[in-house]
Amino acid sequence: MWHGVVARFTAFRFTVDPTPGQEVLLRRYAGASRFGYNQCLRLVKDALDAKVRGGVMKVPWTGFDLVNAFNAWKRSGDAGRVMVAAGDGTVSIEATGLVWRAEVSQQVFEEAAVDLGRALAAYTGSKAGARAGRRVGFPRFKSKKRTRLGFRVRCKTSRAGKADVRVGDNVARSVTLPGIGVLVVREDTRQLRRMLSKGRAKVLSATVGYRAGRWFVSLTCEAADLHQARQHPQPDPADAATGTTGCGWVGVDRGLSAFVVAARADGTPVLRVDDPPRPSRAGMGWQRRLARSVSRKQLGSANRRDAAARLANHHAYVRTVRQRFLHHVSNQLVKTHDRLALETLNITGMLRTHRLAAAIADAAWAELARQVTYKQAWHGGRVVLVDRWYPSTKTCSACRTITPAMPLGQRVSTCGTCGYRADRDHNAAVNLAVWAEQHHARPGTSTQGARSPTPAEGKALARAPARVKPAPTTWEPHPPPPE
């Protein structure tokens, strides 16, 4: 079970143990989702071709238009027709539409059309320059061999008040989906059932996917705010303007030798993590053996599929170990401190250093910042992103003198002016807190308040090399360099 990334929205993920009949239904629904996506894309391309030839035709581009276009197509003769012979020998053509459309829930087609609408919107925004990040190309057809099985259904409520997606309906550890029935899950559903029974959560949709030989279901829920006792107290406006509330800002320095070092502006240490688990580096030997086993199997054989499943299971284990540790550290930070200052890192540039790329990916700096940001918003705290060009490591936290250079191998910061000696990471954390106290009250600073959107940080770093979905964004937002 894990939590999502948007404030007031959370997701619960469960492992499904389907029966043979239910697995057939799940694969049928996944195939229908892929078919709906490809057919909607075909309708878009046909409309574009007709428009190029000079025809007057509206191109379905948004999710709403794509749903309407697919619904009209599935009932037309283009989706299916039969020839009917009358008794007098005449033959007529009768439109049957998509004959098997009733075998799956219509929400599967609609959600596939919505996904295509989002892909087209991303392509339009990227082409117009209104979308940040790497360039997004025109959507492509989904291949039956290479596309991962999966689909999504919405949670609708009937007039009688019964939801389509239910948790613990007949069995405590179960999830009920429309058209499929009761799916037995492995994880405990008590927390979600209590939130649903007390009206503190509402299921919005259910996403079913197949990965590493197992079926998973993720329930996206809209949850109520945290209890007032679990939120940070809101400071008075007068005290907030002067920065005299609470215990001050806490600077959080992320590194490789020391995973996290947090300290206050007065030099008080708050948190230090020196021995983080490095699952990717620890399991690199086993991963190489599994990858070699996959490459030595014949393409398309059952042995190759089994070897690929074992490799995917190893990646899932690495990802699980890393995520659990990151959640533990982020919870320690946000539950005890209401104001945090995070350094802005050029992760993409640092990943180009091949000697440090593996260690940086295993440390998952961006994922830790992402978790701290949205969890702090849940608790009503604040997060500030420190200026990227601020020399937090080279600045002496005692006399504010900037040293000319400091190599990565030097772990102790020594000031040549006042003689102050301190741990390199601790000195950087103190400087981050000092910068936050000096700039947090200025208008236009990059501060994150309660219920604010999360920064666009790279999800790929937290899952590499166990990444299963492309996530090209591996940067953190930063202000422009000083003039």
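Straight-line reach from Lys127: which aspartates and glutamates have a Cα under 20 Å away, not including same-chain ones fewer than 8 places off?
Here the aspartates and glutamates satisfying the reach criterion relative to Lys127 are Asp49, Asp115.
Give me the 1.4 Å probe accessible area per residue for the chain, excluding ligands and nucleic acids, in Å². Mind dumping the intermediate values first?
Working: 25790 Å² over 483 residues.
Using a 1.4 Å probe on heavy atoms only, each residue of the chain averages 53 Å².
Accessible area, 1.4 Å probe, largest first: how do Val52, Val44, Val434 sort? It would help to have the intermediate numbers written out before the result.
Numbers: Val52 125, Val44 0, Val434 25 Å².
Descending accessible area places them as Val52, Val434, Val44.
Can you flag which of Lys162/Lys335; Lys58/Lys162; Lys51/Lys74; Lys74/Lys156 are past 27 Å Cα-Cα?
Values: Lys162/Lys335 36 Å; Lys58/Lys162 38 Å; Lys51/Lys74 22 Å; Lys74/Lys156 22 Å.
From Lys162/Lys335; Lys58/Lys162; Lys51/Lys74; Lys74/Lys156, over 27 Å: Lys162/Lys335; Lys58/Lys162.
Which order do Ser257, Ser205 take by accessible area at a 1.4 Å probe, largest first?
Details: Ser257 75, Ser205 20 Å².
Largest to smallest exposure gives the sequence Ser257, Ser205.
Run the 1.4 Å probe and let me know the accessible area of Leu149, rounded to the nearest 10 Å².
Ignoring ligands and nucleic acids, Leu149 comes out at about 40 Å².
Would you mind putting 343-351, 282-290 in packing order, based on average other-beta-carbon counts within 10 Å, highest first?
Working: 343-351: 17.0, 282-290: 14.2.
The packing order, highest mean first, is 343-351, 282-290.
How large is the accessible surface of Asp266 in square angstrom, using a 1.4 angstrom probe and rounding to the nearest 10?
120 Å²
With everything on Cα atoms, drop me the angle between helix 20-52 and the longest principal axis of the chain, reported from 0 to 90° to the nearest 10.
Helix 20-52 sits roughly 90 degrees off the main axis of the chain.
Just want the answer: with Cβ charges of +1 for Lys and Arg and -1 for Asp and Glu, which residue in Trp378, Ala265, His354 is farthest toward the dipole's positive end in segment 252-393?
The one lying farthest along the dipole's positive direction is His354.
How many percent of Cα pairs in the chain exceed 44 Å?
On the way: 30491 of 116403 pairs.
The share of Cα pairs beyond 44 Å in the chain comes to 26 percent.
By accessible area of protein heavy atoms, probe 1.4 Å, what ranking do Trp73, Trp100 get, highest first? Please report the intermediate quantities before stating the final value.
On the way: Trp73 35, Trp100 80 Å².
Largest accessible area first, the residues go Trp100, Trp73.
Given the C-alpha centroids of segment 403-417 and segment 281-339, what is the distance between them in whole angstrom?
Each part's Cα centre sits 37 Å from the other's.
Please determine, in degrees from 0 to 90 and to the nearest 10, the orientation of helix 284-295 with respect to the longest principal axis defined by the Cα atoms of the chain, where the helix direction is its Cα long axis.
20 degrees
Can you give the calculated 222 nm mean residue ellipticity of the chain, where each DSSP H run of n ≥ 4 adds -39,500 (n - 2.57) and the sum is split over every residue, rounded to the nearest 500 deg cm²/dmol? Write out the running numbers ahead of the final one.
Numbers: 13 runs with 182 residues, N = 483.
Helix contribution divided over all residues of the chain: -12000 deg cm²/dmol.
Could you state how much accessible area Tyr210 has, in square angstrom rounded to the nearest 10, with a 1.4 Å probe and all protein chains kept in place?
Estimated to the nearest 10 Å², Tyr210 gives 60 Å².
The values are calculated or read from the model by the stated rules, or taken from the named source; none is laboratory data. Values in this document were obtained by computation on a predicted structure and should not be read as measured data. Here Cβ is always computed from backbone atoms with ideal geometry, including for glycine, and neighbour counts include all displayed protein chains. What goes into the accessible areas is simple: the full protein's heavy atoms, side chains included, and nothing from ligands, DNA or RNA. Shrake-Rupley method; radii C 1.70, N 1.55, O 1.52, S 1.80 Å.
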